[in-house]
Amino acid sequence: MFEYAPWVFVIDTNSYSGNFETDLFLFCTEQDEDMSGGNDLVDNLMRVSLCTDDYPTQESYSIWTTPGYFNNGFGMEYREDNEEEKTKAMNHAIEQFENMKTDNVHPDYRDAHISHCQTFIDAIRNGSSPLFFAAQSVGIFFSVKPLPEQITLLKERALKFVESWKQNGNENKPLVITGFRLLHFNLVEEKEWEEKR
């Protein structure tokens, strides 16, 4: 059976959320790393199965894509409506692909590797490169709709997390909360087939 969280509270930021999603989640829900917090928010959290790069896991939070933001495939994010940021990100990607052409590749595959890199460079230059969504947000999963006072509490804690982030030696990685969203997923069951007797 497909598992999903019907309610997701999303915290949008200006930075790649894979660098802090666990810390932000624990701070907002006042939990320890062993997930023992014992507060009203915890009672309504929902663990869902996630497939990570390494192994499947069950979590009550995840990095989340941020509307209007993309990355260049090499971790440089840009706003889709900001041509200057996009140009800088695309030039960075071209530079990375040019550098990859000189990678130490087995001689049998060298020509194909260089051709592959050039294909991406050409696609970027003619505006047809693939879009990579930027994950600058953190989603917190709930089994029921969070109450207005719980949402207020989550917002307050998220903003306090930014201050704590700065005080814990991350001054060089400025973090800004850019918004909040509450998403509701209402999957509709569709009958594939039925047999009556």
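Each value in this text was obtained by applying a stated rule to the coordinates, not by laboratory testing. Because the structure is predicted, anything quoted here is derived from the model rather than measured. Backbone-built Cβ (ideal geometry, glycine too); neighbour counts: all protein chains shown.
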Looking at the range 69-121 only, could you name the residues that are over 17 Å from S15 (Cα atoms) and of a type in the set (A, V, I, L, M, F, W, C)? M90, A93, I94, F97, M100, V105, A112, I114, C117, F120, I121
Any hit, the range 82-95, residues being loosely packed, with under 10 Cβ neighbours inside 10 Å and of a type outside the set (A, V, I, L, M): yes
Is at least one residue of the range 82-102 assigned to a loop (DSSP other than H, G, I, E, B) and within 27 Å of the chain's Cα centre (by Cα)? yes
Given the options P107, P146, P130, name the one that is outside any helix (DSSP H, G or I) and surrounded by 13 or more Cβ atoms within 10 Å (Cβ to Cβ). P146
Restricting to the range 118-142, name every residue that is within 19 Å of K101 (Cα to Cα) and in contact with a Pro (Cβ under 8 Å, 6 or more places away or on another chain). A123
